[in-house]
1. State whether one or more residues within the range 6-22 are within 29 Å of T159 (Cα to Cα), of a type outside the set (V, I, T) and either out of contact with any Lys or Arg (no Cβ under 8 Å at 6 or more places or on another chain) or modelled with pLDDT of 85 or more (or both).
2. Given the options E191, E198, E203, name the one that is surrounded by fewer than 17 Cβ atoms within 10 Å (Cβ to Cβ) and out of contact with any Pro (no Cβ under 9 Å at 6 or more places or on another chain).
3. Which of the residues that make up the range 26-60 are more than 21 Å from E198 (Cβ to Cβ), assigned to a loop (DSSP other than H, G, I, E, B) and among the small types (G, A, S)?
4. Would it be correct to say that K164 is charged (D, E, K, R), surrounded by fewer than 23 Cβ atoms within 10 Å (Cβ to Cβ) and either in contact with a helix residue (DSSP H, G or I) (Cβ under 7 Å, 6 or more places away or on another chain) or assigned to a helix (DSSP H, G or I) (or both)?
5. Only one of these is over 30 Å from E45 (Cβ atoms), more than 21 Å from the chain's Cα centre (by Cα) and not β-branched (V, I, T): R161, R240, R183. Name it.
6. Since L251 meets every condition but one in (1) under 20 Å from the mean Cα position of the chain (by Cα); (2) modelled with pLDDT of 95 or more; (3) over 20 Å from N132 (Cβ atoms), which condition does it not meet?
7. Scan the range 97-114 and tell me whether some residue there is among the β-branched types (V, I, T) and more than 17 Å from S215 (Cα to Cα).
8. Could you figure out which of (1) touching a strand residue (DSSP E or B) at 6+ places or on another chain (Cβ under 9 Å); (2) of a type outside the set (A, V, I, L, M); (3) over 18 Å from M134 (Cβ atoms); (4) surrounded by fewer than 16 Cβ atoms within 10 Å (Cβ to Cβ) isn't true of G260?
Amino acid sequence: MNEEKRWNTSHWSEKETVRRATPEQVNFFREQGYLKFGRIFTEAEMNELNRHVDVMIAALPEGKRPESMDTPHFEDPWLFKYLADVRVLDVIEDFIGPDIVLWSSHFIAKPKGDGFAVPWHTDGAYWGNLLNPMEVITLWLAVDESTVENGCMHVLPGTHRTFKDHIDNYVPVDSNSSVFSDRIPSELLHEETAVDLELAVGECHFHDVWTIHGSNTNHSDKRRCGYTMRYMPAHAVMLRREGGREHQLYLLRAKDRSDGKNEYTPVPSHGE
């Protein structure tokens, strides 16, 4: 593989990384349902993650799209180097408190030229009744530069406070060009309020489980890969569905608050 970086970004030092969210940032997130953040990881760590993603994509079975690398940490404990990093947990604690559970993770890598769109949706509707209460925060980490041209994520601010009462209002979309098979119809949305969340490599943003978000197709000459790292407070209870795929929870910090209703998978040591 060509070792030249595929992104256009400046170098950054460890001193430029962010360890905590400010009260102003937390308040903005709670009011708007999203937050654009800085860098948590160093440039060397992001280069290592980028190379790891390259290997993952190269190993995909024939016909599997790179947008669909869901819950890769179930099979790849190396990813806990990032998912369970103390710097990440420090920031997540500022939003949901000290008792932190890893709910899920997902690489959405849009190939250059034909990367699939992600239609308008909320994560809470997509996951149905898997959690009670449905409280999840997503950290979206830019593995590649994420721009309007290559299909960066966009959000509709404030919708986490209003749309969860209308989660059944979805319509089908063309699954040959979309990550999901349905979307929230445009007539229910105020798309003119959308905010594009462009990121340099290593930067991240957060969104609430009920915030409406999506992204466009990638017709550019650059891949767009993001790692969604999803966390929930330990008082949320996972409701197991008969016949459903076994889902693994990991208690990453402090104590279980589900009165023993949640079952946790042991956290791999240092991602080894």
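1. Checking the range 6-22: at least one residue is within 29 Å of T159 (Cα to Cα), of a type outside the set (V, I, T) and either out of contact with any Lys or Arg (no Cβ under 8 Å at 6 or more places or on another chain) or modelled with pLDDT of 85 or more (or both).
2. Result of the check over E191, E198, E203: E191.
3. A59
4. Yes.
5. R240
6. Answer for L251: the failing condition is (3).
7. Checked the range 97-114: at least one residue is among the β-branched types (V, I, T) and more than 17 Å from S215 (Cα to Cα).
8. Exception for G260: condition (1).
The values are calculated or read from the model by the stated rules, or taken from the named source; none is laboratory data. In this text, all values refer to a predicted model and were calculated from it rather than measured experimentally. Here Cβ is always computed from backbone atoms with ideal geometry, including for glycine, and neighbour counts include all displayed protein chains.
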